[in-house]
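The values are calculated or read from the model by the stated rules, or taken from the named source; none is laboratory data. This one's a predicted model, so the numbers in the text were calculated from it and none came from an experiment. In this analysis, Cβ positions are derived from the backbone assuming ideal geometry, glycine residues included, and neighbour counts consider all displayed protein chains. Surface accessibility is based on the protein's heavy atoms, side chains included, excluding ligands, DNA and RNA. Shrake-Rupley method; radii C 1.70, N 1.55, O 1.52, S 1.80 Å.
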Amino acid sequence: MIKFWLNQQPVELDVSPDAPLLWVVREMLQLTGSKFGCGMGLCGACTMHLDGAAVRTCVLPVSAAQGRQVTTIEGLSSGQQLHPVQQAWLDENVPQCGYCQPGQIMSATALLANNTKPNDQEIDAAMQGNICRCGTYPRIKRAIKRAASSQQTVSFYDPEQEQS
Amino acid sequence: MARSRRDFLKITASTASCFVMSVPLASCAASNPALANIGDEHYVHDGFVQVTSQSEIHFILPRDEMGQGVHHGLATLIAEELDIKVDKIKVYFAPVHKTYNNLSYGAQGTWGSSSIRDHYLPLRQAAADTRATLLKAAAQQLAIAPQQLTCRDGFIWHGTKAYPLGDFVATAAKIESVKGAPLVTDSQFKYIGKDSQRNDALAKVTGTARFSIDAKLTKAKRAVVIHAPVINGKVKDFDATRAKQQAGIVDIFAISSGIAVVAEHLWQAKKAAALVVTNWQTSELAAFNSAELPDILASKIATESGIKAHKSGRGRKALATASKRHSATYYAPYLAHATMEPMNCSAEVTASGCQVWVGSQSPEFARNGVAQLLDIDRERVQFHNHFIGGGFGRRVGIDFILEAVEIAKQVEGPVQLVWSREDDIRNDYYRPPSMVKFEAGVDENGQLSCYSVKRSGPNIFPYQLKEAVPAMLPELFPSGVSSWLAGVGGKVVNDWYAESSSVEGLFEDYQVAHKEVRQITYDPGVRNGYWRAVGHSHSGFFKESFIDEIAQLTERDPFDFRLAHLAEERLQNTLKLATQKAGWGQKLPAGHVHGVAVHKSLKTYVAQVVELSVEQGQIRIHKVTCAVDCGIVVNPNIVKAQMEGGILFGITAALYGSIDIVEGRVSQSNFHDYQMLRINQSPDIDVHLVESKVAPTGVGEPGLPPIAAAIGNAVFAATGQRLRQLPFNLSA
Ligand code: FES
Ligand code: FES
């Protein structure tokens, strides 16, 4: 029995421990937002968060998730409220075909969680494992910067000051 | 009943929250397929626009969305004429029906950057007629003179009173509909020409956009196919004893293209597939090595005259009288598409017919091919199209769809076939390799006076004919006859007629008194297909690099030389805009150089200036400035996105792209050896649109053709080395 938390819900599965997390989540748990692109950890389409860190789940056995927190694109927004990174993605009209975008967004959110103001090199380093065949890279860069600055505004927002 | 404007806001909010998205099925019962699954009273117009009694506006999208933006762009045309925000329109993928034919090509397919070009007026007319008919119905029902009513935001307005459109659909469905209603004039556009958030973006950033790989078939079995290592190889025999003992395996059997492994879960199928022992019967391609192609094609060009594809003036003969002559030979290899979503398809075959869940650029070919394979009536194939995770021409091919159906035939219930990335790279319809030899003559004034090209390589059409002929023929045509016809057609193309996609883009853009283009077909037998921008994808590189060589020969600035020879004003203006925005001729940072190229493809004009440096033998592209003239722009932001996408797709091909075949086997397999451009190598891109009032043209492909040449021309400016072969290799 493998137990872990998926988007904050407990799950318990009778599954072979070497089954890749990606396919377990897609086929057994019916969350298909995470995509398959290469199966070799080369493209990032399958990126989820494992205890907050971006991981390539096409090459991650489900057993590695035992007792841990797994977050997929479906678990990123809370209710109707989009994650600021998703909002920035909309504002920059990033997606074309859209297939790589869940993975891109999961990598970007993991980056911004650790580094609220990444510079160009840091963005490149965090995002170069995610391929976009449609060529949305210029917009991804802009969206990450936009999200970074909106997060700043939120964290420094001071209601007292606003009232005065 | 009348409603105030404030009520209207409430109503739309509540409908939005309770609306359940469902894709209509291609029902065999409904005479108009767009009617299917949409119950109660509604008003239908031409199968494109529907208004329901709940005042929902449905748009049946005739083309497929694969990133190029038609889901939003074509809906914008409907929005403009109905005077309603784009995101208030529900978009459905069309079923297979002639209503949804691509007007330029006479079949239902998404290709040729034709969607906006084809549909700009017809879709607006459909929506304008819908609006006029609803107004007519409202006037009748309310007994108010039609001139006093307007249609806006999903309501019919009489002064400040607003009546939901749904109130009038029953009447509208009964009266004679209006034809040829006046369209909104260009100066009144509210939505066309304006930026807006794409209507598919929210689904795509939340992971809810449904690609075919995500088809909700919870009970589906999962399948993989073991393909022959040598292209066109066949199964001789196989032993699946061990594989069948693995957990979850449902069945393992041979199909025409390999061995199908079917399991409860995909990972089980993949694991078991590795245990199947197979004996393959190789094909004649086992002796083929693509590394030998350049020599073979060069000798063809040297010894054969080929078929005439174009001749003007005295053609190549005029070389004799030129005061200066120059010749150069270029080459581009096989390329795979590598769409981000690997080929996949789900199918279920039952006694009553077949259902197919797929993302396809050619749903009609696919449906007809499936019907032929199963030997059932076409209307018994229900075809569910999806968002496409990258097409670029790959999903014109229907091979993987037929594979899925062949498997489903032998499996109980639905089955989903998912190709690995390796299957995808090794079983593509490759961009044909191509060699061209240019010869040019310049007169005493430095004007290009003679331009001759010989192109050698395979053609695409014979391969497409195999799939298109059975699909285009009337249903009852015996399959033996249709495959015979496909074979004959392919031979005609190869032997008698220069296929346009083999030579397009090589010669049209410049004004030269004497031109000649000849095609010499040589086909090793590896399947070819349409790859983003098709012939233009390499012609743009060949032609624009060679023109740069002539500019250099005549000691003229590459921009001035082009401007003096370009055949159309729109090409000139596009080139001027790009160079002006890039600061052509101005000082650049130390070590940086510019290269330029301009190319017209699929009726759209694009010029690009690349700024790069060469550091330790490596090309570093810093910036691309792009200008595009695609006539009236429906959505500036999407046009820019398509230019960005085309440029980056073209950079991948220019820097890395090559499919190599050794003894009939494709050497590349996944992204480590078939590299894609990554974000850290992606330059800044600055796109400018030429203002225009002429009819719009497409942008999905035309952003690609100039980029490789612009890079190569800049490398020449930096190093003096002329790059004549793709992908670029500076040490060669
Ligand atoms: S599918 Fe996992 S990295 Fe490509
Ligand atoms: S948006 Fe299509 S692969 Fe990235």
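How far, in nm, would the chain grow between residue B:581 and residue B:721 when pulled straight, counting 0.36 nm per residue and subtracting the alpha carbon separation?
Working: separation 140, 0.36 × 140 = 50.40 nm, distance 2.65 nm.
Here the answer is 47.8 nm.
If the only charges are +1 at each Lys and Arg Cβ and -1 at each Asp and Glu Cβ, what is the size of the charge dipole of the protein assembly as shown around the Cα centre, to the nearest 20 debye? Present the calculation step by step, with values, prior to reporting the outcome.
Numbers: 87 positive and 87 negative charges, 159 e Å.
Roughly 760 debye for the protein assembly as shown.
Within the range B:640-732, list the trypsin sites (Lys or Arg not before Pro) lying in a DSSP loop whose Cβ has at most 12 other Cβ atoms in a 10 Å radius. Write out the running numbers ahead of the final one.
Working: sites: B:640, B:665, B:678, B:693, B:722, B:724; in loops: B:678, B:693, B:722, B:724.
Hits after loop and neighbour filter: B:693.
Restricting attention to the alpha-carbon atoms of the range A:2-76, what are Rg (one decimal) and Dmax (integer), both in Å?
When restricted to the Cα atoms of the range A:2-76, Rg and Dmax are 10.8, 29 Å.
In 10 Å bins starting at zero, report the fraction of Cα pairs in chain B per bin as a rounded %.
Taking all Cα pairs of chain B, the binned fractions are 3, 13, 22, 23, 19, 12, 6, 1, 0 percent.
Work out the FRET efficiency for residue B:284 and residue B:328 from their Cβ-Cβ distance, taking R0 = 30 Å, and round it to the nearest 0.05.
The computed FRET efficiency comes out at 0.35.
Residue separation times 0.36 nm, minus the C-alpha to C-alpha distance between residue B:277 and residue B:160: what's the value?
Values: separation 117, 0.36 × 117 = 42.12 nm, distance 7.62 nm.
Between residue B:277 and residue B:160, full extension yields 34.5 nm more.
If you bin the C-alpha pair distances of the protein assembly as shown every 20 Å from 0, what whole percents do you get?
Cα pair-distance distribution for the protein assembly as shown, in percent: 14, 45, 34, 7, 0.
Per DSSP helix of 4 or more residues, -39500 (n - 2.57); summed, then divided by the residues of the protein assembly as shown. What does that give at 222 nm, rounded to the nearest 500?
-9500 deg cm²/dmol
Quick check: pseudo-label points 7 Å beyond the Cα along Cα→Cβ at residue B:216 and residue B:295, how many nm apart are they?
Each label point is offset 7 Å from its Cα along the Cβ direction, giving 5.9 nm.
Running Debye on the range B:656-732 with equal point scatterers at the Cα sites and no solvent, what base-10 log of I(q)/I(0) appears at q = 0.25 Å⁻¹?
Log10 I(q)/I(0), no solvent term: -1.30.
Calculate the spin-label point distance for residue B:444 paired with residue B:660, positioning each point 7 Å from the Cα along the beta-carbon direction, and give it in nanometres.
Result for the modelled spin labels: 5.1 nm.
Check residue B:446: other-chain or 5+ apart residues with amide H under 5 Å from its amide H, H built from backbone geometry?
Counting only residues 5 or more places away or on other chains, the set is empty.
Please list, in order, the residues from the range B:411-446 whose amide nitrogen is less than 20 Å from a point placed 7 Å along the Cα→Cβ vector of residue B:244.
Flagged as within label range: B:411-413.
Take every DSSP beta bridge whose two residues both sit in the protein assembly as shown, then give the antiparallel share in percent to the nearest 5.
Values: 103 of 135 bridges.
DSSP beta bridges in the protein assembly as shown are roughly 75 percent antiparallel.
Would you kindly state how much longer the chain becomes between residue B:672 and residue B:254 on full extension, computed as 0.36 nm times their sequence separation minus their alpha carbon distance, in nm to one decimal? Intermediate values should be presented prior to the final figure.
Details: separation 418, 0.36 × 418 = 150.48 nm, distance 3.02 nm.
Contour length minus Cα-Cα distance gives 147.5 nm.
Taking the Cα centre of the range A:2-76 as origin, work out the dipole magnitude from +1 charges on Lys and Arg Cβ and -1 charges on Asp and Glu Cβ, in debye rounded to 20. If you can, show how the numbers build up before the last one.
Values: 5 positive and 6 negative charges, 38 e Å.
With Lys and Arg at +1 and Asp and Glu at -1, about 180 debye.
Note down the Stokes-Einstein diffusion coefficient of the range B:206-261 in µm²/s, whole number, using a Kirkwood radius over alpha carbon pairs, 25 °C, and 0.890 mPa s.
179 µm²/s
When you take every Cα atom in the range A:84-149, what is the radius of gyration, and what is Dmax, the widest Cα pair distance, in Å?
10.4, 28
Would you mind computing the Rg to Rh ratio of the range B:150-253 from its alpha-carbon coordinates, Kirkwood style for Rh?
1.29
Quick one: 3J(HN,Hα) in Hz for the range B:552-560, Karplus 6.51/-1.76/1.60 with θ = phi - 60°, rounded, Gly and Pro as x.
Along the range B:552-560, the couplings run 5, 4, 8, 6, 10, 4, x, 6, 4 Hz.
Any idea how far apart residue B:553 and residue B:691 come out in nm if each label point goes 7 Å out from Cα toward Cβ?
4.0 nm
Leaving ligands, DNA and RNA out of it, rank B:153, B:129, B:239 by accessible area with a 1.4 Å probe, largest first.
The ranking, largest first, comes out as B:239, B:153, B:129.
Quick one: which bits of the range A:122-137 get at least 30 Å² less accessible when the partner protein chains are in, versus the chain alone, with a 1.4 Å probe?
Residues passing the criterion (a loss of at least 30 Å², heavy atoms only) are A:124, A:128, A:131, A:133, A:134, A:135, A:137.
Do me a favour and compute the ellipsoid semi-axes for the range B:541-699 from its Cα gyration tensor, root of five times each eigenvalue, largest one first, whole Å.
Computed over the range B:541-699, the values are 27, 21, 17 Å.
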